[in-house]
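First the structure, in the form of structure tokens, and then the observations on it.
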Amino acid sequence: MQRVPIGIDLGTTYSCISHLDRQGAPHTLPNPEGELTTPSAVLFDGSDIVIGTEALRNSVLHPDRVVQNSKRHMGDPRKTWVIDGRTYRPPDIAALILRYLLDGAEQHIGPIEHAVITVPAQFSDIQRQETAEAGLKAGLKKVDIINEPVAAALCYVLGEGLWFAELADDQTVMVYDLGGGTFDLSLVRYNQTEVKVRASSGDLQLGGIDWNKRLENFACDEFIQQVPNDPRLDKESLQALAIEVEQTKRSLSIRQRASLSVQHAGRRKVFGVTQEQFELLTHDLVDRTEQITQKLLRDHKLGWAHINAVLVTGGSSRMPMIRKMLQRISGTTLNQTLSPDQSISHGAAYYAGMLASGAEFSRKSFLSKEATARLATFKQQSVNARALGILVKDKQTGERVPHYLIPANTPLPCAYRQSFGTVEADQRRVHLHIVESGTSDDKPPVKLGACIVDDLPTGLPAATPIEVTIRYDEQARVHVSAIELNSGRSARTSIVREENLVALSAEQVQHSEASMMAGKAVRGTAVPPAPIAKSAP
């Protein structure tokens, strides 16, 4: 079966699916209701599961039966929704949204088995794994991952036909992607043959829904001044207000003034709100994106003179306050050629086409020979947004602290090799705690799980060196391998998530840990990664 390149933007508030036609041009595919974008909302109505716009329409009557913004909880093992006695995790909700998108797409192009799904650049390995898990739950046989800003850059470079242009030098663009739930920022260099990310930053807890929340609180406070009853205390009233606020926010992106209606406790009040009021309510949110933007440039010793274009994408980038801020700090006209709603999925479809055009998959490519040849010559390289390392024991406090082996913003794929010693004689297992750094200096590291090196040979003396290689693949997924250096024998390794760890006694854990202390000299080397087989969508 020929593989049609498929790209999916699985968003916090809205999602979108696209494909490449035979000539290599991207097109957005409608959902089963004929819409090109789908609200990322799921309604559980008895035995029926309703997705998208219809779920939102019914959310006012059944607020406890609707799940929204589940992407913000991806990777959090504590977050679940219990409806009708059944428990749903974030990947379960994502899978239902993906299946709905796939159902609509398959009505137009036939069965889909492979797809590229976009994620924020700041997503941890756990969040990437859960995104891939959602794709498999939705019925896909293979899921590839690409960072959202990279997808936007691919859409810009390939979609604008810039690969045909005569470029004297490499160009550097800043991709500013403010979506419904996340903020992504990347510095990207490109030329006629490749797109290469230099650095990424952002905030996983900053997006359009945070602007909405400010308007909701404003409306409720205004309502309370006239009616001594708080709409925030009633789920139905609050859900109705959330829908109203979204429309008001959109109106304020094109008008100086809009109305906001609040209904609660049998009373209805209408309030006027201006762009200026909205900006005052949310100026600190805009400031957060500005600070992240300026810091990314400072950290890499760049000024705005080094940036050839500022690309804006993501639905929330439509807000005038965002565009005014970017124009003020950059001193340049923003590039607004990208569709805020569809460019990410289009870029993912381009990446799917690039994967499908590789030598090992080109025979099955749906694309024309010309499109396959063009995409096969184009490359993309991303970076890891988070540092990767292990937890080690601090000599003085005895506490485990992060020891990062691969810094953030290292070009992918990348790997690091580290030698550890066994703690006792005849030790059969080595136990390492793998961590990624937080999304900023003030955020705690993310514990990916325990790396278990099993089946070491019997009779090994204490302090036997075990060489462990940890690496990021080109999609920022984490892999671990190990070798017992005395014999050169490979050991079985796996990363076990914390929620899946078998309960071990403190003594068992201590005896299986490697001997490494913070501050102690350790042998480690950055190494070329092992070849990573490409996979096709």
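If the limit is 22 Å between Cα atoms, which of 213/249; 141/364; 249/443; 196/295 go over it? Before the final figure, lay out each step's value.
Values: 213/249 11 Å; 141/364 16 Å; 249/443 30 Å; 196/295 20 Å.
The pairs that break the limit, which is 22 Å between Cα atoms, are 249/443.
Label-point separation (nm) for residue 251 and residue 305, each offset 7 Å from Cα along Cα-to-Cβ? Roughly 4.6 nm, to one decimal.
Express the Stokes-Einstein translational diffusion coefficient of the stretch 234-355 in µm² s⁻¹, to the nearest whole number, given a Kirkwood radius over alpha-carbon pairs, 37 °C and a viscosity of 0.692 mPa s.
On the way: Rh = 17.1 Å.
For the chosen part, D equals 191 µm²/s.
The C-alpha atoms of the chain define a longest principal axis, and helix 125-137 lies at about 70 degrees to it.
For the Cα atoms of the chain, what angle does the longest principal axis make with the long axis of helix 343-356, in degrees from 0 to 90, nearest 10? It is inclined by approximately 40 degrees. Within the stretch 278-414, the percentage of alpha carbon pairs spaced more than 26 angstrom apart rounds to 51%.
Of the GluC sites (Glu not before Pro) found in the stretch 9-68, those that fall in a DSSP loop while having at most 15 other beta-carbon atoms within 10 Å are 33, 35. The phi-based Karplus calculation (6.51 cos²θ - 1.76 cosθ + 1.60; θ = phi - 60°) puts the 3J(HN,Hα) values of the stretch 76-87 at 9, x, 7, 8, 9, 10, 10, 9, 6, x, 10, 9 Hz, whole numbers, x for Gly and Pro. Between the helical axis of 235-252 and the dominant principal axis of the chain, each derived from Cα atoms, what acute angle in degrees is found, rounded to the nearest 10? Value to nearest ten degrees: 80.
Over the stretch 208-280, the reciprocal of the mean inverse Cα-Cα separation, the Kirkwood hydrodynamic radius, stands at 12.1 Å. Can you sort 238, 158, 260 so the residue with the fewest Cβ neighbours within 10 Å comes first? Exposure proxy ranking, most exposed first: 238, 260, 158.
Here the Debye sum runs over all C-alpha atoms of the stretch 88-130 as equal scatterers in vacuum, and log10 of I(q)/I(0) at q = 0.25, 0.29, 0.33 Å⁻¹ comes out as -0.97, -1.08, -1.17. Percent of Cα pairs in the chain per distance bin of 10 Å, from zero to the largest separation: 4, 17, 25, 25, 18, 9, 2, 0.
Label point of residue 62 set 7 angstrom out along Cα-Cβ; within the stretch 75-101, amide nitrogens under 11 Å from it belong to 84.
With helices as the sole contributors, the chain gives -9000 deg cm²/dmol at 222 nm; each DSSP H run of n ≥ 4 counts as -39500 (n - 2.57), and the sum is divided by every residue. Loop-resident trypsin sites (Lys or Arg not before Pro) (DSSP state other than H, G, I, E or B) in the stretch 1-95 with no more than 12 further Cβ atoms inside 10 Å of their Cβ: 78. Each Lys or Arg adds one and each Asp or Glu subtracts one; over the other residues with Cβ under 15 Å from the Cβ of residue 136, this totals +2.
Every read-out reported here was derived from the displayed coordinates using simple, explicitly stated rules and does not represent laboratory data. If you're wondering where the values come from, they're calculated on a predicted model, not measured in any experiment. Reconstructed Cβ throughout: ideal geometry from the backbone, glycine too, with neighbour counts over all protein chains shown.
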